[in-house]
Amino acid sequence: MSSAATEVTPRASDPEITPELVADHGLSTEEYERILAALGREPTFTELGVFSAMWSEHCGYKNSKRLLRLLPTEAPWVIEGPGENAGVIDVGDGWAVAFKIESHNHPSAVEPYQGAATGVGGILRDIFTMGARPIATLNSLRFGDLDDGRVRYLFGGVVKGIGDYGNCVGIPSLGGEVYFDRGYEDNPIVNAMAIGLMRSDELITGAAKGIGNTLMAVGARTGRDGIHGATFASEELSEENEAKRPQVQVGDPFTEKLLLEASLELIGSGAITGIQDMGAAGLTSSASEMAGRAGNGVEIDVALVPVREARMTPYEILLSESQERMLVIAETGREDEVERILRKWELEAAVIGQVTDDGMFRVLENGTVVADLPSLPLTQGCPTYERPGVESKEVEELRKRDLSHVSSSHGDLTGQLLDLMSSPNLSSKRWLFQQYDTTVRAASVIRPGGGAGVVRLPGTRRGIAATTDCNGRYCFLHPRRGAAIAVAEAARNLVCVGAVPTAVTNNLNFGSPLKPAIYHQLREAVLGIAEACLLFETPVTGGNVSLYNETDGAAIYPTPVIGMLGVVEDVERVCRHAFTRTGDAIVLLGTNKGEMGGSEYAYVLHDLVAGDPPGVDLLAERELQRAMIAMVQEDLLGSAHDCAEGGLACTLVESALGNGERSFGIDVTLTDEMAPVPTLFGESQGRIVVSCRPERLAHVIELAGSHNVPCVQIGQVSAPEGSFRIRAGTSGVDLPVRDLADAFFGAIPARMDSPAEATPAPDA
Amino acid sequence: MKVVVVTFPGSNCDQDCHRAVELSGGEPRYLWHRERGLSDADAVILPGGFAYGDYLRAGSIARFSPAMEDVVAFARQGGPVMAICNGFQIACEAGLLPGALMRNRTVRFHSFDQYLRIETTDTMWTSAYEPGQILSMPVAHAEGNYEADPDTIDRLEEDGRVLLRYVDATGATSEEGNPNGSARSIAGIMNEQGNVMGLMPHPDRAMEAVVGSVDGRGVFQSLARHLNGPGAK
């Protein structure tokens, strides 16, 4: 452990460092010059690989870091904000919750099953490395048109990958969303969110504290899979990416479960001072980030790392993304204890190095130094960019498109409603979540299928509610407003179950930031999130940025997914989205402005992604949230459901059908002074449909009024299995609710269970 | 009642079973699969999960655990063993129960609330229910399709050892009401002596109204009644 300059020996088999090799590593000429300046010499091949991973978009956030600083991150209840493995908030009674969302878009595009499975594995590790036991997961997914065979293959593989992994580890799925739109044809979005629970005093962080403490590699062995996954995830996809399938890691949920139990036992034992997943950029990022957080150095001998293949080079060992591995910092003298705990769980632990005082990230191979890099430039020195951002002319034109022909369209409204409810976006997602274990841990109070899910905290009446939301079409047409709507919708989903919105994790899925039009989307979306989160007092405690979601130059819709947590005071008093009683009054909170821009109606019935998306009044949203929380806490309601895609009519269908246990007819009369289509299918924000016993109606209206929330009875719940009737002016819809159920529940199975169903890739 | 919950590597319902015993007024304790010792146990639970990842056949490796040797001996001496979901698969592999659990008919994992019908109340596992009572409990499995040769199934039926059947909302057995394709809609059975019960649905997840159902309580209440009744040790 010398602090003097160390001689670094290039290995005999190392290729020569050429400009081509540097470019292949995803580093620009300027970035390479920065590396030369930081080192004062040319890097070895191994060192180049390390820099390439740490300065990749995925690890270095080089194009997003400056924008992310605009997000509000603080509140009295935030225990850990961005920068750790996961954000942590205080939820009361001595409990803390760790939560985070992460993307696995690129791997899932080339290998959907393993791509999605390892996405779940990675986010779970981020949670339990904070000392928290995972208690729930959510997924936010986007695919192309489900009538396309390859899309069905991707969708089927992703769902099976998520299910097989999460089911085996035993973490209930609490919700999420999935949308299908041509904008995601070749670039699916797979964002996984996990939530974990711990006592507030059990928090542990990923810092390499204590000079002389021991670095240990625990869990699975290191193989050649996923080398340079972080760099892969930082570039556009093309035909050639099929050949990058080897960069996709392979998941083993059984080992993950053992690693989970072993890690929690390790943390509880006090034998370790820090722990981190060897995730993106593997040993390189975990070791250098842990050193960086503590302001220390680390020294590792790669010959000590347990490998599953012979003759692995230092370059490969440092950059492997083999799954289910952890780096832990053991207190000196307690290494045996660490090993004993790992052995109990039938896993390996190996001493691979120690914490040093010289701030260097030093790598040896059998005692010979093969990399010696200052940790600070490695982890903090990645150049960050602020790019020029200009809105694309085409988008501007689309937004300004006149949609009056959509609003004034006539025809069979009942048939149109059936078309909408049987479109993959609006139809029931039961086909997916019935493949996910939703009840393991016996704490799921509200399961997937409505808006937010709720899980109870053990031994209390308290619960955690969670949701993910984002309408990519709105964000495409108006990124700032679309992102603010995503935050507002997430909050509405939480208040509908009676939860107080508390904190946010976000996943920014965009195309290439090097294009001014995309950078514009990114900046605007961050500003939209910042504005809404600031007003709602829901700080962003972390998340993930996934850029370069493009194939052959075509980018996805900008998709800033919002994962939001809320706290439920009493799980006995939550509210669900399905109508519960015949005779209940159906009440609309908020106002319909008949906005059709970016609507599902325009997409399904006019094949249009155009127009100005709905406006969002954040102050009004906040009042609506407060009114809603009060109504649920006072137990006034039979149901509550947010108005979103498909407008009021589709919200009413969802409440009438619930998750299929039973269905109700409705009698609703709408008197809005506008044409039937915007009345039924307009997507104005800030609206919630609630139902209540008639004798409570006056109280509901009074409570809404005290928060200045418009509130009007629009009808009543009629008989089970009855007629679904909405009168809008002189026209409307009228059909047996059973017909809607067939459309709503049958749409995805009809596409996925047909003989033509694409077969997911075989399990590895 | 002192109930031992065996934890295999990959068990993920051990905590749920532990809590279900507590909620039923019993005293649960965990037994790690490498450990031994059931001398203080009044009953044993083999919980759900994915023991050893189920990468081979579900339950096929877990049966060789040291703890399973003790569980088999305990069962042979008449000790009550409740085998839920993956535990049912392990019990079949270990020869404690006849038959096997095959892949679901759809070849998919199924997770939802399932209606069940109590077929007999004359057992230590179901005495707290009413004959023919319709229950709702979560199921969550990929391999729950119960199969055995026809003679074995006939014997199960004749002996009144089919405890639970999958049914639809009306309480009738039917194609739609059978989630995984099990022979004769069988959801739960017991051995000849009646002291080993295997079932695919999760009574351990149906203990509290706030999570959706209290219909699982009867299984634990029946066991407690049996253990506390005349002749209890």
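Cut-off is 10 Å between beta-carbons; in what order do A:Arg447, A:Arg693 appear when sorted fewest neighbours first? List each step's numbers first, then the result.
Working: A:Arg447 25, A:Arg693 16.
Ascending Cβ contact count within 10 Å gives the list A:Arg693, A:Arg447.
For chain A, a crude dipole built from +1 on the beta carbon of Lys and Arg and -1 on the beta carbon of Asp and Glu, taken about the Cα centre, is about 1440 debye to the nearest 20.
From other protein chains only, count the Cβ atoms within 10 Å of every residue's Cβ in A:429-440, then give the mean. Could you put the intermediate results ahead of the total?
Numbers: counts 0, 1, 1, 0, 2, 7, 6, 3, 12, 7, 16, 13.
The mean count of partner-chain Cβ atoms within 10 Å per residue comes to 6.
Only one residue of B:Gly144, B:Gly218, B:Gln193 has its Cα farthest out toward the positive end of the dipole of region B:2-228, where Lys and Arg carry +1 and Asp and Glu -1 on Cβ, and that residue is B:Gly144.
Prolate is the label for region B:20-94, because a/c, from the alpha-carbon gyration tensor with a ≥ b ≥ c as root eigenvalues, is 1.5 or above and a/b exceeds b/c. Counting other Cβ atoms within 10 Å as a rough exposure proxy, the listed residues B:Met82, A:Met198 run A:Met198, B:Met82 from fewest neighbours to most. In this structure, the amide hydrogen of A:Arg687, modeled 1.01 Å from its nitrogen in the peptide plane, lies closer than 5 angstrom to those of A:Cys643, counting only residues at least 5 positions away or on a different chain.
With both residues required to sit in the protein assembly as shown, DSSP beta bridges show an antiparallel share near 75%. Placing unit charges on the Cβ atoms of the charged side chains and taking the dipole of the protein assembly as shown about its Cα centre, the candidate lying farthest along the positive direction among B:Gly171, A:Gly223, A:Leu508 is B:Gly171. Dipole magnitude for region B:2-228: about 420 debye, using +1 per Lys or Arg Cβ and -1 per Asp or Glu Cβ, origin at the Cα centre. The tail of the calculated P(r) for region A:662-754, taken as Cα-Cα distances beyond 20 Å, holds 52 percent of the pairs.
Could you work out the equivalent-ellipsoid semi-axes for region B:153-192, taking the square root of 5 times each eigenvalue of the Cα gyration tensor, largest first, in whole Å? List each step's numbers first, then the result.
Working: eigenvalues 76, 18, 12 Å².
Equivalent-ellipsoid dimensions as semi-axes: 20, 9, 8 Å.
Each of B:Phe88, A:Phe51 was scored by other Cβ atoms within 10 Å of its Cβ. Arranged with the fewest first, they read A:Phe51, B:Phe88. Once the mean of 1/r is taken over each pair of separate Cα atoms and inverted, the protein assembly as shown shows a Kirkwood hydrodynamic radius of 29.3 Å. Positive end of the dipole of chain A (Cβ unit charges, origin at the Cα centre): among A:Ser173, A:Tyr184, A:Thr118, the Cα lying farthest that way belongs to A:Ser173.
Please say if region A:536-677 is rounded, prolate or oblate, where rounded means a/c under 1.5 for a ≥ b ≥ c the square roots of the C-alpha gyration tensor eigenvalues, and otherwise the choice is prolate for a/b larger than b/c and oblate otherwise? Please report the intermediate quantities before stating the final value.
Details: a/c = 1.83, a/b = 1.25, b/c = 1.47.
Here region A:536-677 falls in the oblate category.
Percent of C-alpha pairs per 10 Å bin in region B:98-218, short distances first: 14, 48, 34, 4, 0. Restricting attention to region B:2-228, close to 60% of DSSP beta bridges with both partner residues there are antiparallel. Other protein chain C-beta atoms within 10 Å of residue C-beta, averaged over A:165-177: 3.
Need one word for region B:2-228: rounded, prolate or oblate. Basis is the Cα gyration tensor (sqrt eigenvalues a ≥ b ≥ c); a/c below 1.5 gives rounded, then a/b vs b/c decides.
Details: a/c = 1.36, a/b = 1.20, b/c = 1.14.
Rounded, because the longest to shortest axis ratio a/c is under 1.5.
Just add up the charged neighbours of A:Val190: K/R +1, D/E -1, any other residue whose Cβ is under 13 Å from the Cβ of A:Val190. Within the 13 Å Cβ shell, the charges total -1. Annotation: amide H-H contacts under 5 Å for B:His141 (H modelled 1.01 Å from N, sequence separation of 5 or more, or interchain): B:His110.
Taking every alpha-carbon pair within region A:532-583, the share separated by more than 16 Å comes to 68 percent.
Computed from the coordinates by the stated procedures, all read-outs in this text should not be read as laboratory data. Quick caveat, the model's predicted, so the values are computed rather than measured. Backbone-built Cβ (ideal geometry, glycine too); neighbour counts: all protein chains shown.
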